[in-house]
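All remarks here apply to the structure that follows.
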């Protein structure tokens, strides 16, 4: 296991698992990173992000997970759940490793779609909106310039389905459609009645995305309390996204911790 990637992933887990951040508590959430075209590291089920240790990161092969997602006879519920569990256990490189999170299916989809790392959390502010009839506003645009620098000009809202096989399949369809429309993966995916998924080029970027998504959700809640949110127009989004100084800021953030 490459120690650099494992160390960076554990740092991400500890950062987003800090209870005072209100991003994840107890055994909520999970993190992952692509090791190469065949393998990933993903958090074990039932382990705490805040207290994650090296043995809580499970090295898994993509192939058994993707084969399950592609199998039209695979289903959830009853015997189907047992099959999903068996596939996740079979995906482990080390047969003695802990059981991967069921959302390893979701991570496998994201990491084989072009991402290098991913972070799934349940922020209080974001979920307040995701569990309401205003969830669509989270993907409606940008409210302030720094949001665009970190999260890009567009994000993706995915309507609720059960975590696991169904969500993995839906996410694959939604990510492909988003990439076809916008030429790249979203930085953040809002999962209705569930949480958020940060998609980045490194664990450090996933932390920045998670922090900015949380800030955006908090500001959006405040805007709704004050009246109606005023989103920046498309020409402003494109202008900020394309500015040289903003490209420089992104590059500097990429070199930071």
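Averaging sequence separations of C-alpha pairs under 8 Å and six or more residues apart, then dividing by the length of the chain, give the relative contact order as a whole percent.
Details: 446 pairs, mean separation 50.5, N = 257.
RCO, the chain: 20 percent.
To the nearest 0.05, what FRET efficiency results for residue 63 and residue 228 with a Förster distance of 45 Å applied to their C-beta separation?
For R0 = 45 Å, the calculated efficiency reads 0.40.
Can you work out D for region 3-255 in µm² s⁻¹ from Stokes-Einstein, where Rh is the Kirkwood radius over C-alpha pairs, the temperature is 25 °C and the viscosity is 0.890 mPa s?
Here the translational diffusion coefficient equals 133 µm²/s.
Who wins for biggest fluctuation among 36, 94, 71 in a Gaussian network model of the chain, springs between alpha carbons below 10 Å?
71
Can you show me the helix-derived [θ] at 222 nm for the chain, built from DSSP H runs with n ≥ 4 at -39,500 (n - 2.57) apiece and divided by the number of residues, rounded to the nearest 500. Show your work: numbers first, answer last.
Numbers: 10 runs with 122 residues, N = 257.
That comes out to -15000 deg cm²/dmol.
Connecting C-alpha atoms closer than 10 Å in a GNM of the chain, tell me which of 154, 99, 176 has the biggest fluctuation.
176
Report D for region 77-180 in µm² per second (integer): Stokes-Einstein, Kirkwood Rh on Cα pairs, 20 °C, 1.002 mPa s.
Details: Rh = 15.9 Å.
The estimated diffusion coefficient comes to 135 µm²/s.
Quick one: helix 79-91 against the long Cα principal axis of the chain, what's the angle to the nearest 10°, folded into 0 to 90?
90
Assuming 0.36 nm per residue, please report the length gained on full extension of the stretch residue 113 to residue 90 beyond their Cα-Cα distance. Can you show the working numbers first?
Values: separation 23, 0.36 × 23 = 8.28 nm, distance 2.16 nm.
Full extension of this stretch gives 6.1 nm more.
Hey, fewest Cβ within 10 Å first, where do 170, 138 land in order?
Values: 170 18, 138 21.
Going from sparsest to densest Cβ surroundings: 170, 138.
Name the most mobile residue of 232, 130, 12, meaning the one with the largest mean-square fluctuation, in a Gaussian network model of the chain with Cα contacts below 10 Å.
Comparing 232, 130, 12 in the GNM, the peak value goes to 232.
Suppose we keep just the DSSP beta bridges with both residues in the chain; what percent of those would be antiparallel, to 5?
90
Counting other beta carbons within 10 Å of each residue's own, what order do 89, 171 fall into, fewest first? Don't skip to the answer; put the middle values down first.
Details: 89 16, 171 24.
Taking fewest neighbouring Cβ atoms as first place, the list is 89, 171.
At a 10 Å Cβ-Cβ cut-off, how would you order 43, 215, fewest neighbours first?
215, 43
If you fit an axis through the alpha-carbon atoms of helix 3-17 and take the longest principal axis of the Cα set of the chain, what angle between them do you get, 0 to 90°, nearest 10?
Between the helix axis and the principal axis of the chain, the angle is about 60 degrees.
Every number here is computed from the coordinates shown, using simple stated rules; none is lab data. What you are looking at is a predicted structure, and each value in this text was computed from that prediction instead of being measured. Counting neighbours? That spans all protein chains shown, and the Cβs are built from the backbone with ideal geometry, glycine included.
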